[in-house]
Amino acid sequence: PGTSADVDSMTSRAGNHNLLHYSLIYIDASNPEEIDFEIVPVRETSIHWNVLSWLEQGPCTDCLKITGIEQSGSGTVLIDIEISHPFDNLHVTGFDFRGIAMFSGSHSFPVSTLNTPDRSLGDGELVNADGYTTLYNFTTAGSGPDGTQGYIKCKFATDLPPNALLNGYKRFISAGDENTRNAFYIGDAITVTHEIDMPDDEFIVGYAVDASWAPPINKPVDDPIADFGPDANCTEAWKIDIQDLGPGLDAQGGITRLQIDVYDWQGKDDAHPVLVECPELFDGEVEGTWVSDEDGFTRYEAEIENVKLASTGDYLCLIRKEAQEHDPVGEPWQDLTAYLVFPIEVGWYPGYPIDVTPPWLNFSPRDICVDGNYAYIAGSLNGLHIFDITDPENPVWVNRVDTDARTDEVAVSGSYALVASTLTGDPDFSKLDIIDIDPPESAHIINTVNSSGYVCGLAVSGGLACMITRVQGGPSLLIIDIDPPESAHSVKSFGLPWASCGEVAASGGYAYVPTAYGLWIFDIDPPESAWFKEADVDVNGGIAVSGGYAYATVGVSVLEIIDIDPPESAYIVNSIDMPGSAEEIVAAGGYVYAVSQFQLDIFDVYPPESAYIIDSVNLAGNDVTAIAVSGGYAYVG
């Protein structure tokens, strides 16, 4: 009564018979007339199987095939590998099938105590890996029930097994929109192309086929996606995606922020952190910080620094996320950890700005706007200049549009450039030229909206342009409807309370103007009934808006970070001392770039509560008047 027995629910391999499932059966014999029992899969034991023997020895002997080999044209070999499902019973639908390519590994990760193939060191390597795993490496041969969770020599492998502990894999997934769980259906034959960089010296290779499975929750199985529980998928995260958010590393150090998305069938796992290891850049590991729970994945971020001042080049880093079910003591051969090996670039650091102005071009940049592969420069008396910046270090001058005035500000909206200019005289007059820039080579003015005073600032939000001009009575904010551009016209204006000219930023139907009396926020949607509110924050200089925050200067030496979501209750989140007197500021990708008379200061403002200055770049004695940031480059006039 109340006993349990530890048994195999199917026999071990004998001839063409194979162990498929390992369970605990709990039997309650307290009532002889009705004996009850419960089958509990031992998930920690049975979640991963090396199914290679079933594909090559029985029940199938040719379910793993090489169906094509060709040169890629870039020094690698493209190998098509076909896997056919060896069974004909829906009860053995597999999940998270992965073909693991194994080579010898020369690159070491000392904290993780793992080595992995590195083609830059002459190793063979799976170039287009979907992820990495330590399952079935050469140290695990014979592990698990009947050896089905360890390394098995496949028919394509060399007699000497490869020594890498961490190897890349490709996923094998049956086609169909209904296949939302990486299932491999019975009757399917799936071909996946493996891009291989062959080893420089001795050819040593191995291969494993990994499948996850658990008993179905509904029998008989009619719909594998619905009839198998979530434990049929792999326990660890099945995918890790990474994006480098910048600004980037260089030989002088630098810092970059990695966005790490972890996909786990069983949901968010807080038992172990996301860890990043880059031994050539820094010692130890960096722990990722939770950002958000999204649909199907959890997002983390990690800051990476070139602490060791590694020189220019690419360096391998390792991301790992261990599952809470991992049992390194009881089952050390079955590492339930998701890995991703990725290169991170240390770029060239010139130590000084690169002057990319053509020697024959004489202009005075007063404002810069970058959109796509083009830079638009308000060039003072020389009008609007357009550069192709596809190669930022070798830009190509494309065109000039003469505005017959002193061109002060420029912004881009769709296929139009908006250029604010001042016609000097007594009194001064200003105007907004709308320029068709599609294509840039034939850019031309299609409409002009006239105003008075001289231009101080320009910003665009949706179909509205916000322009600040200064007349004898003081500055004003002018709201201009530019949709459609051919019939653009002034809609409304507001007088502003300060003596000098100022900046403006616009976003999401609001305009933000720092004044001598603090930050004024204008609701400009719709423009006809625009109204303003004076926010209780002390700013009076440059301003930029990004991601629900406004970044503004106070005097010449303080950067204020203001939460403007919602604008009606704006408040200061943080204040940072600035080393220079900021003339212009821009915000992009979690960073603020502020230019003073002779230098560029870069601030990490994510999260805003712990913002700090990262670095300053000397601008070689130049008087800065404009800045734009795009694609890892700052364009400074």
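Worth pointing out:
- For the chain, the per residue solvent-accessible surface stands at 43 Å², with DNA, RNA and ligands left out and a 1.4 Å probe.
- Pairwise Cα inverse-distance average, inverted: Kirkwood Rh of the range 147-245 (Å): 16.7
- Trypsin sites (Lys or Arg not before Pro) restricted to DSSP loop in the range 263-328 with at most 15 other C-beta within 10 Å: K268, K308
- The range 398-528 - Rg and Dmax from Cα coordinates, angstrom: 14.2, 44
- Alpha-carbon centroid distance for the pair the range 148-225 / the range 326-385, whole angstrom: 37
- Once the mean of 1/r is taken over each pair of separate Cα atoms and inverted, the range 385-442 shows a Kirkwood hydrodynamic radius of 12.6 Å.
- Full-extension gain in nm, D200 to V471, via 0.36 nm per residue minus C-alpha separation: 90.2 nm
- Fraction in percent of alpha-carbon pairs per bin - 10 Å, the range 520-586: 21, 50, 24, 5, 0
- Distance (nanometres) between label positions extended 7 Å along Cα→Cβ at D404 and F156: 7.2
- Heavy-atom SASA rank of V205, V396 (probe 1.4 Å, accessible area, largest first): V396, V205
- Centroid-to-centroid, using Cα positions, the range 63-90 and the range 540-589 are 56 Å apart.
- Cα convex hull of the range 207-358, projected area averaged across orientations, nm²: 13.9
- Note on the range 122-166: the alpha carbon radius of gyration divided by the globular reference 2.2 N^0.38 Å gives 1.24.
- Using bins of 5 Å that start at zero, the share of Cα-Cα pairs per bin across the range 295-368 amounts to 3, 9, 12, 13, 10, 11, 11, 9, 6, 4, 4, 3, 2, 2, 0, in whole %.
- Accessible area of S630 in the full protein assembly, 1.4 Å probe (Å², nearest 10): 40
- Net length gained if the chain between A226 and H272 were fully extended (0.36 nm per residue, minus Cα distance): 13.6 nm
- With Cα atoms as the point set, the radius of gyration and Dmax of the range 224-274 evaluate to 16.7, 56 Å.
- Each listed q (0.10, 0.21, 0.22 Å⁻¹) maps to a log10 I(q)/I(0) for the range 323-410 from the Debye sum over equal C-alpha point scatterers, namely -0.46, -1.02, -1.08.
- For the chain, C154, C234, C369, C466 stand unpaired, since no other cysteine beta carbon lies under 4.7 Å from theirs.
- In plain terms, the bigger the Kirkwood radius, the slower the diffusion; for the range 470-524, with that radius from Cα pairs, at 20 °C and 1.002 mPa s, Stokes-Einstein puts D at 176 µm²/s.
- The length gained on full extension between Y571 and N128, counted as 0.36 nm times the residue separation minus their Cα-Cα distance, comes to 154.7 nm.
- Here the scattering of the range 71-183 is modelled by Debye summation over its C-alpha atoms, one equal scatterer each and no solvent; at q = 0.19 Å⁻¹ the log10 of I(q)/I(0) is -1.18.
- The calculated Kirkwood hydrodynamic radius for the chain is 28.8 Å, given to one decimal from all distinct C-alpha pairs.
- Taking only protein heavy atoms and a 1.4 Å probe, the accessible area of the range 154-198 is 52% carbon and sulfur.
- Accessible surface of T61, taken over heavy atoms with a 1.4 Å probe and every protein chain present, rounds to 90 Å².
- Solvent exposure, largest accessible area first (probe 1.4 Å, DNA, RNA and ligands not counted), of W54, W265: W265, W54
- Rounded percent of accessible protein surface that carbon and sulfur make up, the range 76-144, 1.4 Å probe: 50
- Given in Å, the Rg to one decimal and the Dmax to the nearest whole number for the Cα atoms of the range 492-637 are 14.9, 47.
- Between the range 412-464 and the range 471-532, the alpha-carbon centres lie 15 Å apart.
- In the range 282-366, the GluC sites (Glu not before Pro) that fall in loop regions by DSSP, at most 13 other Cβ within 10 Å: E294
- Using heavy atoms of the protein chains and a probe of 1.4 Å, the accessible area assigned to C154 is about 0 Å².
- For K65, a cut-off of 20 angstrom between C-alpha atoms picks up these lysines, skipping any fewer than 8 places away in its own chain: K153, K155, K170.
- Legend: calculated FRET efficiency, A141 to T390, from the Cβ-Cβ distance at R0 = 56 Å, rounded to 0.05, equals 0.60.
- The chymotrypsin sites (Phe, Trp or Tyr not before Pro) of the range 277-374 that meet both conditions, a loop assignment by DSSP and at most 13 other Cβ atoms within 10 Å of the site Cβ, are W348, W360.
- Solvent-accessible area, 1.4 Å probe, carbon plus sulfur percent, for the range 471-546: 48
- Counting only lysines at least 8 places from K431 when in the same chain, those with an alpha carbon closer than 17 Å to its own are K492.
- Computed FRET value (nearest 0.05) for N618 with I445, which takes r as the C-beta separation and R₀ as 41 Å: 0.60
The values are calculated or read from the model by the stated rules, or taken from the named source; none is laboratory data. Predicted, not measured: the structure shown is a model, and the values here were computed from it. Quick reminder, even Gly has a Cβ in these numbers, built from the backbone with ideal geometry, and neighbours come from all protein chains shown. Protein only, heavy atoms only, side chains kept; ligands, DNA and RNA dropped before computing areas. Shrake-Rupley method; radii C 1.70, N 1.55, O 1.52, S 1.80 Å.
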